[in-house]
Amino acid sequence: MIDGNKVIDFHGHVGRWDQYGMIDDPALLLHAMDAVGIDVACVFDIFHPDGTTGNDLTAQFVARHPERFAGFAYVSPLMPERMVTELIRAIDELKFVAIKLYPPYTPWPLNEPQWNPIYEFANERGLAIIFHTGPEPQSFPKFVGDIAPRYPHANFVIGHSGNTPVERAQAIAAAQANPNVYLETCSTFRTPGVIEQLVNEAGADRVIYGSDMPLMDPRPQIGKIITAEITDDAKRQVLGLNARRLLGI
Amino acid sequence: MTSLNFKPRVPVFDANIRVGDMHDAPSPCRDRAALLAEMDRHGVDRAVIYHAQTESISPLEGNLFLEAWLGEDQRLTPQWSIMPTAASMAQIQTLHAQGRVSSVRLHDTRTAGLPFRPWAYDKLLAWLSAQHIPVWIPLPNADPDELVTTLQGHPDLVTVLIGAHYVHHLQIRPMLAALPNVYLELSRYEPVGEIEALRDEFGAQRLVYGSWYARYAMGPMLFYLHHTDLTEAELALVCAGNLERILDA
């Protein structure tokens, strides 16, 4: 909690990526989360295209501290026959609360039809999907603006808000044009004024704090929000209120 | 206890601020008054500054542009950029004779065909070492083998490695172990728990706070450092004391 407000981190990973120091040790994560008042971190495992392997690891991770972590389902169109059945399992049996997609691990831009069964499922269930976005050709945020109007009952979260300036502008435009598009904040491109730009141009009700933990420590990432020149009310929305509304937690 | 607003509780001396425009990126901070206002907003007392034009255009001309930022109040300490050419060394030697050199900065020259190898840099590094002038070296674009091999030939030279990112994760520990006079600046080093882990392994005296503003926002890493389990004495060292010691040498 920060000043009485529940804080949710919308972007976290399960799995080790040792070459980059990404270690999914719950004790490490909880230590960092507790130091800055993060109540719940949303986590997913993007390293297994079958979905099942990573989702099971995520479920085991969440089960160790179910009050502190929430699972997101991961599937990939690299194994299209498994996508919907795995989503049904992850949401209904593993009790995951949203979906994570990672277009750079596939050949397909996120507005290609290979992804449609996932969007249709999210639309039917009223779920949120968070995408990795950035300058990779599969991951342009403008593609989220293409798909969002077709699935009005789903919510789409643009991870990293595009990461770099050109793509950030696409992300903001997508959020401005679509009420079901949100902007997530994690990035090591901690350019001055980015949080202010997202809030001022898309609205504080459309920006969501995330850290990319444990690839990045959540403390400097939440520090971006705390030290930004935005109102305290905007900080409350970004740090938790918007995520709670999307996830129903 | 985390709050929606943050101010540091120890004196802060930022080791790494870039002023002025890059040739391909105007700075959001337009002048000395704006920089001081930004420092005041984040509770930063003093800063080491270098000019953006020195990075990839001209250390000599960029150093001249730096003069306009300095003022009389001692809050901004100049860091002169240098390269292994006669003209550049003559400029720095003149400034040194005037008592105006407390540190220098070496930008990447590999992209221009000059590797960081002893045959190219020994003369410059030997002079810096003899004059007890510490040198800042950016890790992005640096070749780690060249860095370690060449710096090992100058064991008394104090070096601050800046801009480490998670992509440098595997390099950091071997470098700090191989080069006892190397310090790590923390502007972009975010793997989870790494500040505390490096403190445990190498001591807080090897870590230096820098923001690399205006490349990155000034506040997030300072916020992070204040939410680690560093002791107050260690925090004071990282936020200012280590840098003061390095510059006073």
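Per-structure values
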item: Among B:ALA233, B:SER27, B:SER88 the positive-end extreme of the charge dipole of the stretch B:13-248 (Cβ point charges); result: B:SER88
item: Cα coordinate range in chain B, projected on the principal axes (Å, largest first); result: 53, 40, 33
item: Averaged over B:182-192, number of beta-carbon atoms from partner chains that fall within 10 Å; result: 5
item: Restraint check, A:LYS95/A:LYS224; A:LYS100/A:LYS224; A:LYS6/B:LYS7; A:LYS95/B:LYS7; A:LYS100/A:LYS235, Cα-Cα greater than 28 Å; result: A:LYS95/A:LYS224; A:LYS95/B:LYS7
item: Packing-based ranking, highest mean first, of A:125-137, A:52-64 given that Cβ atoms within 10 Å are counted; result: A:125-137, A:52-64
item: Over chain B, relative contact order from alpha-carbon pairs under 8 Å, at least 6 apart, %; result: 20
item: Proximal charge balance of B:LEU106 [Cβ under 14 Å; K/R count +1, D/E count -1]; result: -2
item: Which of A:ILE23, B:ILE17, A:ILE225 has the fewest Cβ neighbours within 10 Å, and the rest in rising order; result: A:ILE23, A:ILE225, B:ILE17
item: The stretch B:92-220: radius of gyration and largest Cα-Cα distance (Dmax), Å; result: 14.8, 44
item: Over the stretch A:8-247, relative contact order from alpha-carbon pairs under 8 Å, at least 6 apart, %; result: 19
item: Under-5 Å amide H pairs with A:TYR182, H placed in peptide plane, nonlocal only; result: A:PHE156, A:VAL157, A:ILE158
item: Shielding by partners - mean other protein chain Cβ count within 10 Å, residues of B:221-231; result: 5
item: At q = 0.12 Å⁻¹, base-10 log of I(q)/I(0) for the stretch A:1-148 (Debye sum, equal scatterers on each alpha carbon); result: -0.51
item: Size of charge dipole - chain B - debye, nearest 20, with Cβ of Lys, Arg +1 and Asp, Glu -1, no other charges; result: 220
item: Share antiparallel - DSSP beta bridges, the stretch B:22-168, percent rounded to 5; result: 10
item: Built amide H within the under 5 Å cut-off of A:SER211, gap 5+; result: A:PHE10, A:HIS11
item: Neighbour-count ranking [beta-carbon atoms within 10 angstrom, fewest first] of B:HIS154, A:HIS160; result: B:HIS154, A:HIS160
item: Convex hull of Cα atoms in the stretch B:15-139, direction-averaged projection (nm²); result: 8.0
item: Local electrostatic count at B:ILE57 - Lys and Arg +1, Asp and Glu -1, tallied over other residues with Cβ under 15 Å; result: -3
item: For chain A, built as a Gaussian network whose Cα springs stay under 10 Å, the top-fluctuating residue of A:GLY210, A:GLY21, A:GLY159; result: A:GLY21
item: For the stretch A:88-137, radius of gyration divided by Kirkwood radius, i.e. Rg to Rh on alpha-carbons; result: 0.99
item: Within the protein assembly as shown: Cβ-based charge dipole about Cα centre, in debye rounded to nearest 20 (Lys, Arg +1; Asp, Glu -1); result: 400
item: Dimensions (Å) - chain A, Cα atoms, principal axes, largest first; result: 46, 40, 34
item: Per residue, the convex hull volume that the Cα atoms of the stretch A:126-181 enclose (Å³); result: 58
item: Whole-Å semi-axes of the protein assembly as shown's equivalent ellipsoid (Cα gyration tensor); result: 42, 22, 22
item: Peptide A:35-45 - average C-beta neighbours from other chains (10 Å radius); result: 2
item: Highest-fluctuation residue, B:TRP80, B:TRP136, B:TRP119 considered, GNM on chain B with Cα pairs under 10 Å; result: B:TRP119
item: Percent of beta bridges antiparallel (DSSP, the protein assembly as shown, rounded to nearest 5); result: 5
item: Neighbour-count ranking [beta-carbon atoms within 10 angstrom, fewest first] of B:LEU243, A:LEU241, A:LEU215; result: A:LEU241, A:LEU215, B:LEU243
item: Top of A:ASN123, A:ASN200, A:ASN111 by mean-square fluctuation, Gaussian network on chain A, Cα under 10 Å; result: A:ASN200
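Laboratory data are not the source of any read-out in this text; all were calculated from the coordinates shown. These numbers were taken from a predicted model, which means no experiment stands behind them. No Cβ is skipped: glycine too gets one built from the backbone with ideal geometry, and neighbour counts run over all protein chains shown.
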